[in-house]
Each structure stands twice: as structure tokens, then as C-alpha cells.
1. Do we have residue 392 as surrounded by fewer than 16 Cβ atoms within 10 Å (Cβ to Cβ), part of a strand (DSSP E or B) and within 16 Å of the ligand (Cβ to nearest atom) here?
2. It is to be established whether one or more residues within the range 233-256 are part of a helix (DSSP H, G or I) and either farther than 27 Å from residue 176 by Cα or in contact (Cβ under 8 Å) with a residue 60 or more places away in the chain (or both).
3. When you go through (1) under 20 Å from residue 382 (Cβ atoms); (2) part of a helix (DSSP H, G or I); (3) within 16 Å of the ligand (Cβ to nearest atom) one by one for residue 404, which number turns out not to apply?
4. Quickly run through the range 482-502 and pick out the residues that are in contact with a strand residue (DSSP E or B) (Cβ under 6 Å, 6 or more places away or on another chain) and within 10 Å of the ligand (Cβ to nearest atom).
5. Return the residues of the range 407-454 that are over 19 Å from residue 496 (Cβ atoms) and in contact with a helix residue (DSSP H, G or I) (Cβ under 7 Å, 6 or more places away or on another chain); say none if nothing qualifies.
6. Mind listing just one residue for me: the one in the range 430-462 that is within 12 Å of the ligand (Cβ to nearest atom) and farther than 28 Å from residue 352 by Cα and, of those, surrounded by the most Cβ atoms within 10 Å (Cβ to Cβ)?
7. Looking at this structure, is residue 281 closer than 24 Å to residue 470 by Cβ and surrounded by fewer than 13 Cβ atoms within 10 Å (Cβ to Cβ)?
8. For the range 483-499, give me each residue that is on the phi < 0 side of the Ramachandran plot, surrounded by fewer than 17 Cβ atoms within 10 Å (Cβ to Cβ) and touching a residue at least 40 places away in the same chain (Cβ under 8 Å).
Ligand code: ADP
């Protein structure tokens with residue numbers, strides 16, 4: 001321990017030893033040969049690490065960099081021992097020399113260990129010759145793939161091409177050459193653009209340039225000049241192929257002939273246009289004939305009523321004036337004639353209503369169904385000869401509708417509920433509630449009901465299921481028209497001898513009472 005302390009204390013002390021010149025018998029030549037050789041070795045050893053440093057700096061991907069650093073340190077340390085050896089001729093710094101030698105020994109062994117560790121890996125490194133062979137092999141493989149790809153492209157029925165990242169075409173398949181009748185040389189670069197129909201070219205070029213600039217997939221329909229001098233429609237597509245860094249490596253594109261589809265689409269389009277025009281024309285004619293019919297119905301109904309009224313009035317007069325002379329049979333005949341003319345007047349009246357509903361426009365206002373039904377109740381119960389009925393109601397929300405039309409509709413449904421009813425006291429129940437964005441109005445009776453097979457036809461004009469009960473067969477068709485005028489729906493549910501419910505759904509935006517779907 002004392003030795004070590006003394007060693008450290010006298011680390012730079014040179015007094016304990018003689019300078020090498022005085023140690024033994026050195027001739028001038030021998031001494032200087034020793035000194036100069038040592039200095040030369042040191043200079044060389046000092047330079048080598050810098051060369052190594054420069055090498056690994058410039059060759060970033062050189063493997064085993066740590067070993068290079070260690071090797072540099074090892075050479076530097078070796079050089080230092082030689083420099084000290086030369087210096088000892090004048091300055092006998094043996095302690096420093098021992099330390100430098102110890103450092104050199106450590107670095108040397110560290111280098112040996114590092115070298116030993118990398119040997120298996122280093123053995124795997126390929127020599128330039130091996131590398132050359134590998135590149136050759138890969139190139140052959142690549143050429144093989146390219147050949148296969150080109151063969152594939154050649155058997156395709158479409159035109160196939162590739163382009164460099166800036167859009168310059170650098171390959172065309174056989175089909176392109178066949179279709180265009182041009183050689184590869186006549187098509188390469190941007191020469192192929194001349195084959196695009198002049199009318200389609202500007203737009204095509206703008207689209208293609210944009211795709212090349214932003215790397216977007218390209219798709220366009222254009223006419224391309226064929227070898228026979230005609231242009232045919234093609235669907236052209238191109239996709240960018242990217243490398244592992246996301247950069248565009250090349251473009252791969254196709255052009256597929258769609259002439260037939262285009263023609264078919266054109267024919268279809270013309271056909272649709274023609275049909276639309278025909279439909280518009282037919283619709284116009286229909287509208288006109290509807291209008292004429294409505295005018296006729298209104299006019300005929302009005303003009304027919306007057307003579308009918310006259311007939312029934314005169315028949316009544318004949319009966320009253322000749323009451324004494326007329327026997328019972330003749331009296332009956334006249335009464336039947338009067339009743340028939342009244343029925344005809346009713347029919348004409350209903351026809352008039354029907355034509356009016358058709359011609360009229362629904363005038364929407366807020367309708368209070370409670371008071372509307374109260375008024376209908378009074379008018380029905382006051383009507384001559386009608387059965388006494390119980391008309392009740394549940395929830396009745398306010399609705400947006402044409403009050404007079406909705407009144408007519410409810411009157412029809414309630415009257416039917418009473419008329420087609422064999423009970424002593426017929427019952428009709430009305431409700432109106434919100435369901436989703438609709439208002440549902442229901443009119444339920446306890447009447448005779450309707451057969452399932454007749455449910456659809458009862459809304460048709462002049463449909464009458466019970467001829468023994470008075471009616472015109474127009475009430476429900478008028479009702480349906482009224483619902484349609486409100487952009488609504490009407491449907492019916494019924495059970496024989498139990499009763500019938502008519503449902504009317506009208507579009508509604510008003511807030512109101514909601515009830516679960518039945
Ligand atoms: P009508 O003037 O004959 O009542 P509608 O168009 O109002 O004409 O009705 C057509 C037919 O539908 C009626 O003849 C009747 O047979 C049937 N019908 C209508 N409402 C009801 C009902 N509530 N119950 C049973 N049958 C009905």
C-alpha cells in the first residue's frame with residue numbers, strides 16, 4: 001500500500017532514475033535510432049485514429065462503430081508508450097510510463113474482447129464480390145418480375161400503361177399499340193395525349209395534372225383515337241404506387257373501352273327524356289280532361305236540379321189537387337215518383353259536392369274539433385227521420401285543416417256509423433290524438449261492420465254494399481278526396497256485427513296529446 005501511495009505522490013518525479021542516455025552505454029547512433037524510431041512510431045500511431053475517425057464519420061452505415069473507436073484508442077495508447085520511451089532518454093518518467101502502459105494494456109484487452117464478440121457477425125458481412133453477386137441475382141429476379149408483369153399487362157384486354165412520378169408515360173402494353181396503331185416510340189412521354197379527342201383533352205389534362213400534383217387517384221372518361229381513325233369512349237384510371245416512405249414511385253393506369261355502355265346510356269337517356277315528355281303531355285291532357293269533367297259535373301248538376309225540382313213540385317200539385325179523384329194506387333205511384341225525384345236530387349247534390357271537393361283547394365286553419373263535432377251532433381240528431389244516436393268523443397286535439405272539408409268528412413263518417421247500424425240506439429265515438437308527426441282521427445261505430453274483402457273497395461266511387469239502405473255510394477269517395485287534399489291517409493278496420501273504425505292520419509306539426517300506436 002505504501003508503495004502505491006509513494007507511486008502516486010512521486011508520479012511525475014524523475015529523480016529516482018537516471019535518464020536513459022546515462023543508463024548503460026549508448027552510442028549516439030544507437031540512441032538516436034531508438035529515439036527517432038519511437039517518435040516515428042508514435043507519429044504513425046497518432047495519425048491512424050484520425051484516419052479511422054474520418055472514415056467512420058463519412059461512412060455513416062459502417063458496422064461495428066464501437067470497435068473502430070476502441071481500436072483508435074488502442075493505437076493512440078500504443079503510440080503514447082513509444083513517445084514516452086523516447087522522452088525517457090532525457091526525462092526518466094518511469095511512473096508515467098507504467099501508467100500509460102497499464103492504460104494501453106486495458107484498452108488492448110478491451111479491444112480483443114470487442115473483436116472476439118463481433119467475429120461471428122463480421123463473418124456474416126458480405127465481401128464486395130459477394131455483394132456484386134447478390135445485386136446481380138436481385139436484378140435478375142426483378143427483371144423476371146417485370147417480364148411477368150409485362151406479360152400480364154399484354155394479355156389484358158384493356159390498355160395498360162405506367163408513368164414516372166411526374167406523369168411521363170414510360171410503358172404501354174400490347175393492347176395500346178394494337179388499338180392506337182402507334183409504336184411505343186410514338187406514344188412515350190406525353191405524345192399519347194394527341195390521341196385524346198380535342199374536345200375532351202383540356203379537361204383530361206387538367207385532371208391528370210392535378211392528380212400528379214396531389215398524388216390522387218385519377219379517373220376520367222375520354223374518347224381515344226383508334227388505329228381505324230375513329231374515336232371510342234374509354235374509362236381511364238390511374239393509381240399512384242408509393243414506396244415505403246410514402247413517395248410516389250410510379251403511376252399504373254388503364255383505359256377500358258366503354259363505347260357500348262355509353263351508347264346504351266345515351267339511348268336510355270333519350271328514352272327517358274322521350275317518356276318524360278310523353279308523360280308530361282299525358283298529364284297535361286289528364287288535367288285538362290279532369291277540369292272539363294269537373295266543369296261539366298258542376299254545370300250538369302246545377303242545370304239538372306232545376307227541372308227535377310219542377311217535376312217533384314208539379315207532381316205534388318197534381319196529387320194535392322186531385323186528392324179526391326185519385327185512387328190509392330195512383331196516389332202511391334205519384335208518391336213514388338216524387339220520392340225518386342228527391343233521391344235523384346240528392347244524388348245530383350252529392351255529385352256536385354264531389355266535383356266541388358275535387359276542384360277546391362284546402363284552406364288550412366286551426367280547427368277546434370270539439371266544437372265542430374258538437375255542431376255535427378246537433379245537426380244529425382235534429383235531422384228528420386234519423387235514428388236517435390249517441391255520439392261521444394274522447395281526446396280531441398286541435399288540428400290544422402280546412403274546417404268545412406273536415407266537417408263534411410266527419411259528417412259522412414258519423415252518418416254512415418249511424419245508418420249502417422241495426423242497434424236501437426247506434427253509438428259513434430270520435431277521437432283525435434297526435435302520433436309521431438301526424439294527427440290520427442278515429443270514428444268508431446257499433447254497426448253492422450264490413451266484410452274483409454270489401455274494405456278496399458268501399459272508397460271507390462258508387463260502391464254500395466247495402467242497397468236496402470238509402471245512399472249514393474259517393475260519401476266515402478268524397479271523404480277520401482278530402483283526406484288526400486290534406487296530404488293524409490285513410491284506412492278502415494271492421495268486424496261483422498261488432499262495428500267499424502275509420503282512421504284518418506293528417507300531417508301535423510302542432511304540439512298535442514300523444515297516444516300509443518294501436
Ligand atoms: P253511401 O252513400 O252508400 O253510404 P258511402 O261511400 O258512404 O256511400 O259508403 C259506401 C258503402 O260502404 C256503403 O254503401 C256501405 O255499404 C259501406 N259502409 C260505409 N260506412 C260503413 C259503416 N260505418 N259500417 C258499415 N258499412 C259501411
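Every number here is computed from the coordinates shown, using simple stated rules; none is lab data. These numbers come from a predicted model, not from an experiment. Cβ: placed from backbone, ideal geometry, glycine included. Neighbour counts: every protein chain shown.
1. Details: surrounded by fewer than 16 Cβ atoms within 10 Å (Cβ to Cβ): yes; part of a strand (DSSP E or B): yes; within 16 Å of the ligand (Cβ to nearest atom): yes.
Yes, satisfied.
2. Scanning the range 233-256 turns up no residue that is part of a helix (DSSP H, G or I) and either farther than 27 Å from residue 176 by Cα or in contact (Cβ under 8 Å) with a residue 60 or more places away in the chain (or both).
3. (3)
4. Hits for the range 482-502 are 492, 494, 499, 500, 501, 502.
5. Once the filter is applied, which keeps residues that are over 19 Å from residue 496 (Cβ atoms) and in contact with a helix residue (DSSP H, G or I) (Cβ under 7 Å, 6 or more places away or on another chain), the range 407-454 yields 407, 408, 409, 410, 411, 412, 414, 415, 430, 432.
6. Filtering first and then ranking leaves 447.
7. Details: closer than 24 Å to residue 470 by Cβ: no; surrounded by fewer than 13 Cβ atoms within 10 Å (Cβ to Cβ): yes.
Taking the combined requirement at face value, the residue does not satisfy it.
8. Going through the range 483-499, the residues on the phi < 0 side of the Ramachandran plot turn out to be 483-486, 488-496, 498.
Restricting the remaining residues to those that are surrounded by fewer than 17 Cβ atoms within 10 Å (Cβ to Cβ) gives 484, 489, 491, 493, 495-496, 498.
Selection gives 495, 496, 498.
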